[in-house]
């Protein structure tokens with residue numbers, strides 16, 4: 001090995017040690033652990049109290065209908081936002097993930113979990129659930145009912161509403177009558193028969 005190559009290797013090693021020894025001065029600042037005593041503040045608390053009126057990010061839930069399924073303390077009868085095709089598609093996707101294992105994909109209550117021995121939920125197509133308010137369905141998804149666990153931690157409020165919109169579409173699809181179809185589409189259906 002040449003002497004120049006040996007020297008460059010040593011220079012490279014020394015530079016590496018020099019770089020490792022360097023660190024940002026911010027890394028060695030004094031800091032406090034939570035609830036530790038502090039000499040800096042007059043109340044001697046290192047953990048500072050929150051400013052009055054502080055709301056945690058994304059936690060201001062003033063819209064009672066959206067976050068609780070209620071309007072003036074009563075179960076909501078309407079949705080808190082317009083139901084669009086995108087909302088229904090999102091609802092179908094979330095329904096298939098969270099609800100179909102028990103309720104099956106059309107809502108009859110014969111999902112895979114039920115076929116494996118879990119207690120069957122009621123069909124969404126019975127009169128009691130077809131006429132139930134959307135606020136009631138929101139409460140059931142949020143807080144659970146009977147053997148159904150709550151899904152508040154897994155499903156955000158807007159997705160709960162999307163699921164309910166999709167459930168309403170399922171209920172309509174399974175109980176629709178020809179008279180429910182608009183006149184123009186009805187003529188097209190009759191022409192195909």
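With axes computed from alpha carbons, what is the tilt in degrees of helix 85-94 against the longest principal axis of the chain, rounded to the nearest 10 within 0 to 90?
70 degrees
Largest first, please: the extent of the C-alpha atoms of the range 73-192 along each principal axis, to the nearest Å.
Ordered largest first, the range 73-192 gives principal extents of 47, 36, 25 Å.
For each of 99, 15, count neighbouring Cβ atoms within 10 Å of the residue's Cβ, then give the residues from fewest to most.
Least to most surrounded, the residues fall as 15, 99.
Could you tell me how far the Cα centroid of the range 23-100 sits from the Cα centroid of the range 112-132, in Å?
33 Å
So if each residue of separation counts as 0.36 nm, and I subtract the Cα-Cα distance between residue 96 and residue 145, what length gain in nm does that give?
In short, 15.7 nm is gained.
Using Cβ counts within 10 Å as a stand-in for footprinting exposure, how do 155, 97 rank, fewest first?
Neighbour counts put them in this order, fewest first: 97, 155.
What number, in percent, do you get for the relative contact order of the chain if the mean sequence gap of Cα pairs under 8 Å and at least 6 apart is divided by its residue count?
17 percent
In nm, give the distance between the simple-model label positions of residue 64 and residue 190, each being 7 Å from the Cα along the Cα-to-Cβ direction.
4.8 nm
Measuring from the lowest to the highest alpha carbon on each principal axis, how far does the range 21-124 reach, largest first, in angstroms?
Taking the Cα atoms of the range 21-124, the three principal extents are 65, 45, 30 Å.
Which residue fluctuates the most in the chain, going by a Gaussian network model with Cα springs under 10 Å, if the choices are 70, 158, 37?
Maximum fluctuation in the GNM of the chain, among the listed residues, is at 37.
Work out how much length residue 84 to residue 178 would gain on full extension: take 0.36 nm times their residue separation and subtract the Cα-Cα distance, in nm to one decimal.
31.5 nm
To make sure I understand, if each residue's beta carbon is the centre and we count other beta carbons within 10 Å, what order do 190, 93 fall in, fewest to most?
190, 93
To the nearest 10 degrees, how steeply does helix 157-175 sit against the main Cα axis of the chain, on a 0 to 90 scale?
Orientation of helix 157-175: about 20 degrees from the principal axis.
I need the semi-axes of the equivalent ellipsoid of the range 113-178: take the C-alpha gyration tensor, multiply each eigenvalue by 5, square-root it, list largest first in whole angstrom.
They are 20, 17, 11 Å, listed largest first.
Quick one: angle between helix 134-143 and the longest Cα principal axis of the chain, in degrees between 0 and 90, rounded to 10, please.
Helix 134-143 sits roughly 40 degrees off the main axis of the chain.
All of the numbers you see were taken from the coordinates with simple rules; none came from a lab. No experiment lies behind these values; they were computed from the predicted model shown. Methodologically, a virtual Cβ is constructed for each residue, glycine included, from the backbone with ideal geometry; neighbour enumeration extends over all protein chains shown.
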